[in-house]
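Beneath this line is the structure, given in structure tokens, with notes to follow.
The values are calculated or read from the model by the stated rules, or taken from the named source; none is laboratory data. On a predicted model such as this, the values are computed, not experimentally measured, just so you know. Cβ: placed from backbone, ideal geometry, glycine included. Neighbour counts: every protein chain shown. To get the accessible areas, we keep the full protein, side chains included, count just its heavy atoms, and leave off ligands, DNA and RNA. Shrake-Rupley method; radii C 1.70, N 1.55, O 1.52, S 1.80 Å.
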Amino acid sequence: MANVFIVGAAGKVGSRLVKRLSDNDHQVTAMHRKPEQSDSLTGLGGKPCLLSITDASVDSLATAMKGADTVVFSAGAGGASVELTNAVDGEGLEKSVDAAQAAGVKRFILVSAFPDAGRGKHISETFENYMRVKRLADVYLAQSKLDWVILRPGTLTLEEGTGKVNAGLAIKYGDISRDDVAETLLAIIENEGISRKIIELTEGETPVREAIASVPA
Ligand SMILES: NC(=O)c1ccc[n+]([C@@H]2O[C@H](COP(=O)([O-])OP(=O)(O)OC[C@H]3O[C@@H](n4cnc5c(N)ncnc54)[C@H](OP(=O)(O)O)[C@@H]3O)[C@@H](O)[C@H]2O)c1
């Protein structure tokens with residue numbers, strides 16, 4: 001049984017992961033920033049932890065993470081301003097990595113972005129900054145001493161999950177449902193052999209667990 005701390009637990013990916021972890025008998029602490037999200041996170045089987053990543057110190061985050069063996073970072077400013085993106089997706093990730101190390105957490109899984117996102121389209125200044133910040137977040141985590149996994153999903157949809165994906169070290173760009181992203185995160189959490197890997201993810205034909213198990217060591 002894993003003991004998982006999720007940053008961004010009330011989000012569309014985060015909440016799907018809270019439910020899957022709890023349904024599979026893992027312990028979940030669900031970090032969220034709005035008091036009104038607490039009841040629904042409890043209903044999904046998580047233990048709510050009210051903290052804002054922009055306001056929290058590394059020390060307070062580390063205290064909240066104590067006892068967890070895995071941190072999943074799925075928070076994001078959702079395409080808001082450059083400043084908020086920098087504060088949540090950028091500095092928020094860096095503080096979480098520092099806190100996880102201070103708290104003695106072993107594994108850290110980051111929901112990042114697919115490098116091809118936006119290619120061939122007009123890219124706004126905010127989106128360009130978002131991609132830059134996501135990339136720097138990957139670099140920060142990959143240079144830490146944590147046992148990390150970076151998951152780079154394609155464009156996220158709200159379609160019902162199929163339980164089948166395409167996962168690999170370098171794959172063609174595509175869409176992926178948030179259900180299937182959450183299912184893939186669960187499979188990664190339950191497969192400790194996946195270590196220090198950047199995994200790209202889109203919809204596909206391979207059952208999630210099989211796809212994750214076949215990512216090259
Ligand atoms: N959209 C795409 O196509 C796409 C593609 C690849 C990767 N991604 C990444 O995938 C991740 C998850 O996506 P998603 O659809 O689940 O996004 P989401 O629904 O917007 O969830 C993000 C969560 O982060 C939380 N958050 C924002 N600011 C916070 C703060 N100061 N303190 C604590 N939590 C805060 C949000 O809180 P509230 O609920 O209070 O707003 C929300 O619950 C994001 O990092 C996103 O960048 C997105």
Every pair of residues 6+ apart whose Cβ atoms lie under 8 Å, when the first sits in segment 43-60 and is within 14 Å of Glu91 (Cβ to Cβ) while the second is open to solvent by 60 Å² or more (accessible area, probe 1.4 Å) and within 7 Å of the ligand (Cβ to nearest atom): Ser52/Arg33; Ile53/Arg33
Matching residues, segment 70-111, being over 21 Å from Asp59 (Cα atoms), assigned to a helix (DSSP H, G or I) and polar (S, T, N, Q): Thr85
Failed criterion for Thr29 (all others in (1) within 13 Å of Ala182 (Cβ to Cβ); (2) under 18 Å from the mean Cα position of the chain (by Cα) hold): (1)
Qualifying residues in segment 76-105 (those that are of a type in the set (Asp, Glu) and surrounded by fewer than 21 Cβ atoms within 10 Å (Cβ to Cβ)) - the one nearest to the ligand (Cβ to nearest atom): Glu91
Residue in segment 112-121 that is within 16 Å of the chain's Cα centre (by Cα), closer than 28 Å to Pro216 by Cβ and not in a loop (DSSP other than H, G, I, E, B) present: no
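How do the helices (runs of 4 or more DSSP H) wholly within segment 123-217 filter down when requiring 2 or more residues that are under 21 Å from Ala77 (Cα atoms) and open to solvent by less than 10 Å² (accessible area, probe 1.4 Å): which remain? Before you say what the answer is, go through the steps one by one.
Details: elements: 125-142, 178-189, 208-213.
So the answer is 125-142, 178-189.
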Residues satisfying the stated conditions in segment 1-39, i.e. outside any loop (DSSP other than H, G, I, E, B), within 12 Å of the ligand (Cβ to nearest atom) and open to solvent by 20 Å² or more (accessible area, probe 1.4 Å): Lys12, Ser15, Arg16, Pro35, Glu36, Gln37, Ser38
Candidates Glu128, Glu160, Glu183, filtered to the one that is at pLDDT below 95 and either away from the ligand (no atom under 12 Å from the Cβ) or over 27 Å from Gly104 (Cβ atoms) (or both): Glu128
Failed criterion for Thr42 (all others in (1) within 12 Å of the ligand (Cβ to nearest atom); (2) in a helix (DSSP H, G or I) hold): (1)
Residue selected from segment 49-75 under the condition more than 22 Å from Asp147 (Cα to Cα) and within 12 Å of the ligand (Cβ to nearest atom), by the criterion least open to solvent (accessible area, probe 1.4 Å): Ala56
